[in-house]
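S.K.: Quick one: this structure, given as structure tokens, is what I'll be asking you about.
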Amino acid sequence: MAETAVTERLEASLPDDAPSVLDVLGRRASWLVRYSGWLGPIAVAVFAGVLRFWNLGLPNAFVFDETYYPKDAWSLLQQGYEGTWPANANDQILAVPQVVPLSSEPAFVAHPPLGKWVISLGEWGFGLHPFGWRLMVAVVGTLSVLMLARIGRRLFGSTLIGCTAALLMSVDGLQFVMSRVGLLDGILMFFVLAAFGCLLIDRDRTRARLAGLNGDRARLGLRPWRLAAGLLLGAACSVKWNGVQILAAFGLLTVLWDQAARRRAGARHPLRSMLRRDAAPAFGSLVLVAAGTYLAAWSGWFATSGGYDRHWADGRSGLLPAALRSWWHYQAEMYHFNTTLTSPHQYQSNPWSWLVQGRPVSMYVENSSAGQHGCTAADGCTAQILALGTPLLWWTACFALVYLLWRWFFRRDWRSGAVLCAVAAIYLPWFGFQQRTIFSFYMVVLVPFLCLAVAQMLGAMLGPQGAGPRRRAIGATAAGAIVLAVMICFAYFLPLYTGAVVPTTVWRDHMWFVSWI
């Protein structure tokens, strides 16, 4: 009663034409609803960004394969190609005063240069220091969360489901760790996810353009979003060759979408119409554009004369220019290396164990005694960076994938098919390389699609349209409990994701399985 009286007195003191408190609140609520499609994703991305940028420069050390890529990135920035470094280069780089012992002698590298060019942007601004070489990886990791929210919103027609997928990815341990170390896989994930989003937009706009046209005869002309997807998939291939099979799968996916769109537009022969009208333009927009992008990523190697194998073809006859023949020979050597690497490694694992996080990779570990590095435990302390996906999220995702298979096979749900296509393209090819030295952190590229799968399953738990309030309440409670449990699980493992110094007894408590040690 007292609050009502105060409100009435306030409204009475305002001019007659002044809006009431309820009017103001109503307009603000309407504004929030109108822009929730951006406000929600941005809020989740800010949350993810705070997590990823907090103490980004720690540990002040080279973490796992940071011993390769940040130095290659610096070399690209200085020379346009990857040079060689002495065995003690890491110590000299981290020393005060710093020494950067880069040599102009060329070095063989196993991966294309674009990912290292991305890393070099941070080094250009902040130098050859841990914060500098991790900066751009954290940027693309944060932007990936924003993109996933928008992609999920478009895919499922729900801001809530899109933001749920993004929130899940923001608290996935593997994506978190790979957004805070100067490795290539997080950058690869960014380009793959962006390409998927572009193809989704292209699908929607193609269907809108076909509305009212003859499905058999309509020509769609320029499709800029599919061109953008080709550019991004070429960028993915220019980071790691894993992008090639994803390019093939996404190419098949988009022409199948075209076939379905023409059928929806009334085409009598949708497959024939797709093959006549869409297949060749799709090949050009995706494959040819991707190939051009890949070649352009090597511009530093072509523009300079000191790169590895740069003059291999000099003095050898051939139809193509010597530079192209030298470059092709270099690609052949990279292929041989990447397909025959079998050197044993303590943390290598088999793809069969990846979805359940059977063998995460320890990227950094340092043991200390009481009194060292802030350790106060009598039994000593451990600091570790463990590339472990949040266990409850990944185990939930296994059930979600089964649900999507059911939706796709029995309900012909195109959304489930799209997510499953991405999962298959990213995950299944690795079973052909089980003899090779491979690691579970490669699956960071899979994380956004697992989160989409879980978010779709949680959305289904809310109940179908027309479900009663009780059914909705039960479903919302169950879905909310799963999201909350995933967030708590992430918080529990957070010290092992950031390299925090914890008592060794606490560290042991986090080793739920022997294979995690």
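S.K.: Once the Cα gyration tensor of the stretch 307-427 is diagonalised, what are the square roots of 5 times its eigenvalues, in whole Å and ordered largest first, as equivalent ellipsoid semi-axes?
M.R.: The three semi-axes for the stretch 307-427 are 41, 33, 11 Å.
S.K.: When only alpha-carbon atoms are used, what values of Rg and Dmax, in angstrom, describe the stretch 380-517?
M.R.: My reading of the Cα-based Rg and Dmax gives 18.1, 58 Å.
S.K.: Turning to a different aspect of this structure: Amide H of Gly389 versus every other amide H placed in the peptide plane: which residues, excluding those fewer than 5 positions away on the same chain, fall under 5 Å?
M.R.: Those lying under 5 Å, H to H, from Gly389 are Leu174.
S.K.: Given R₀ = 41 Å, FRET efficiency for Arg470-Val287 by Cβ-Cβ distance, to 0.05? Walk me through the numbers on the way to the answer.
M.R.: Values: r = 52 Å, r/R0 = 1.27.
After rounding to 0.05, the efficiency reads 0.20.
S.K.: So if I average 1/r over every pair of distinct C-alpha atoms in the stretch 317-370 and take the inverse, what Kirkwood radius in Å does that give?
M.R.: 15.5 Å
S.K.: Would you please classify the overall shape of the stretch 125-236 from the alpha carbon gyration tensor, given that a ≥ b ≥ c denote the square roots of the eigenvalues, rounded means a/c under 1.5, and beyond that prolate means a/b larger than b/c while oblate covers the rest?
M.R.: oblate
S.K.: Whole-Hz ³J(HN,Hα) for each residue in the stretch 501-510, computed from phi via Karplus 6.51 cos²θ - 1.76 cosθ + 1.60 with θ = phi - 60°, x for glycine and proline: what do you get?
M.R.: Residue by residue, the stretch 501-510 yields 7, 10, x, 4, 5, 5, 4, 4, 4, 7 Hz.
S.K.: Taking the Cα centre of the chain as origin, sum charge times position over the Cβ atoms of Lys and Arg (+1) and Asp and Glu (-1), and report the length of that vector in debye to the nearest 20.
M.R.: Here the chain has a charge dipole of around 2640 debye.
S.K.: Go ahead and run the numbers for FRET between Asn60 and Ser104, Cβ-Cβ distance against an R0 of 22 Å, rounding to 0.05. Please report the intermediate quantities before stating the final value.
M.R.: Working: r = 28 Å, r/R0 = 1.26.
Calculated transfer efficiency: 0.20.
S.K.: Using Cα pairs under 8 angstrom and six or more residues apart, how large is the relative contact order of the chain, in percent?
M.R.: Computed over the chain, the figure is 16 percent.
S.K.: Place a point 7 Å from the Cα of Ala424 along the Cα-to-Cβ direction; which residues of the stretch 247-277 have their backbone N under 15 Å from it?
M.R.: 247-257
S.K.: Right, another one. What is the sum of charges, Lys and Arg at +1 and Asp and Glu at -1, for the other residues whose Cβ falls under 13 Å from the Cβ of Tyr69? List each step's numbers first, then the result.
M.R.: On the way: positive: Lys71, Lys116, Arg134, Lys240; negative: Asp65, Glu66, Asp72, Glu82, Glu123, Asp185.
Charge balance in the 13 Å sphere: -2.
S.K.: Eigenvalues of the Cα gyration tensor times 5, then square-rooted: what semi-axes does that give for the chain, in whole angstrom, largest first?
M.R.: In descending order, the three semi-axes are 40, 35, 23 Å.
S.K.: Mind checking Rg over Rh on the stretch 368-447, alpha carbons, Kirkwood formula for Rh?
M.R.: On the Cα set of the stretch 368-447, Rg over Rh gives 1.24.
S.K.: Once you measure Cβ to Cβ distances between cysteines in the chain, which Cys have no partner under 4.7 Å?
M.R.: Isolated Cys, the chain: Cys163, Cys198, Cys237, Cys398, Cys421, Cys451, Cys489.
S.K.: So what's the gap between the Cα centers of the stretch 59-115 and the stretch 265-317, to the nearest angstrom?
M.R.: Comparing the Cα centres of the stretch 59-115 and the stretch 265-317, I get a distance of 30 Å.
S.K.: So for the stretch 109-182, what are the equivalent ellipsoid semi-axes in whole Å, largest first, each being the square root of 5 times an eigenvalue of the Cα gyration tensor?
M.R.: One finds semi-axes of 29, 12, 11 Å for the stretch 109-182.
S.K.: How large is the Rg to Rh ratio of the stretch 155-218 when both quantities use alpha carbon positions and Rh follows Kirkwood? The partial results should precede the final answer.
M.R.: Details: Rg = 17.1 Å, Rh = 14.5 Å.
In the stretch 155-218, Rg relative to Rh is 1.18.
S.K.: Give me the tail of P(r) for the stretch 243-359 as a percent: Cα-Cα pairs with distance above 23 Å.
M.R.: Of the Cα pairs, 59 percent sit more than 23 Å apart.
S.K.: Taking the Cα centre as origin and putting +1 on Lys and Arg beta-carbons and -1 on Asp and Glu beta-carbons, what dipole magnitude results for the stretch 158-300, to the nearest 20 debye?
M.R.: Value, rounded to 20: 820 debye.
S.K.: Please report the net charge: other residues with Cβ closer than 15 Å to the Cβ of Arg412, K and R +1, D and E -1.
M.R.: So the surrounding residues net to +4.
S.K.: Determine, from the Cβ-Cβ distance of Arg27 and Ala208 and an R0 of 25 Å, the FRET efficiency 1/(1 + (r/R0)^6), rounded to the nearest 0.05.
M.R.: 0.20
S.K.: Which is the longest part of the chain that has none of the trypsin sites (Lys or Arg not before Pro) sitting in a DSSP loop with at most 13 other Cβ atoms within 10 Å? Write down the numbers at each step before the final one.
M.R.: On the way: sites that count: Arg217, Arg219, Arg268, Arg316, Arg412.
Longest stretch, sites excluded: 1-216.
S.K.: Could you tell me what percent of the accessible area of the chain is made up of carbon and sulfur, with a 1.4 Å probe and every protein chain present?
M.R.: Values: 15480 of 23970 Å².
So the carbon and sulfur contribution to the accessible surface is 65 percent.
S.K.: Now a separate question. Amide H to amide H, which residues 5 or more places from Tyr364 or on other chains are under 5 Å from it, using H placed in the peptide plane?
M.R.: Amide H to amide H, under 5 Å and 5 or more residues apart or across chains, Tyr364 pairs with Ile385.
S.K.: Rolling a 1.4 Å sphere over the protein heavy atoms, what is the accessible area per residue of the chain, to the nearest Å²?
M.R.: 46 Å²
S.K.: Select from Ala280, Ile246, Leu295 the residue farthest towards the positive end of the dipole of the stretch 246-361; place +1 on Cβ of Lys and Arg, -1 on Cβ of Asp and Glu, and compute about the Cα centre.
M.R.: Ala280
S.K.: Post the alpha-carbon centroid distance, the stretch 361-398 to the stretch 412-469, in whole angstrom.
M.R.: Comparing the Cα centres of the stretch 361-398 and the stretch 412-469, I get a distance of 28 Å.
S.K.: Per-residue HN-Hα couplings for the stretch 360-376, Karplus 6.51 cos²θ - 1.76 cosθ + 1.60 at θ = phi - 60°, whole Hz, x for Gly and Pro?
M.R.: Listing the rounded values in order: x, 9, 7, 8, 7, 8, 9, 9, 9, 8, 4, x, 9, 6, x, 6, 10 Hz.
S.K.: Further question: Check every DSSP H run in the chain and write down those whose alpha carbon atoms cover 18 angstrom or more along the long axis and whose mean Kyte-Doolittle hydropathy is 1.0 or greater.
M.R.: 36-53, 130-156, 224-237, 391-411, 414-427, 447-461, 469-498
The values are calculated or read from the model by the stated rules, or taken from the named source; none is laboratory data. For clarity, every value in this text was computed on a predicted model and none was experimentally measured. Reconstructed Cβ throughout: ideal geometry from the backbone, glycine too, with neighbour counts over all protein chains shown. Keep in mind that these areas ignore ligands, DNA and RNA; they rest on the heavy atoms of the full protein, side chains included. Shrake-Rupley method; radii C 1.70, N 1.55, O 1.52, S 1.80 Å.
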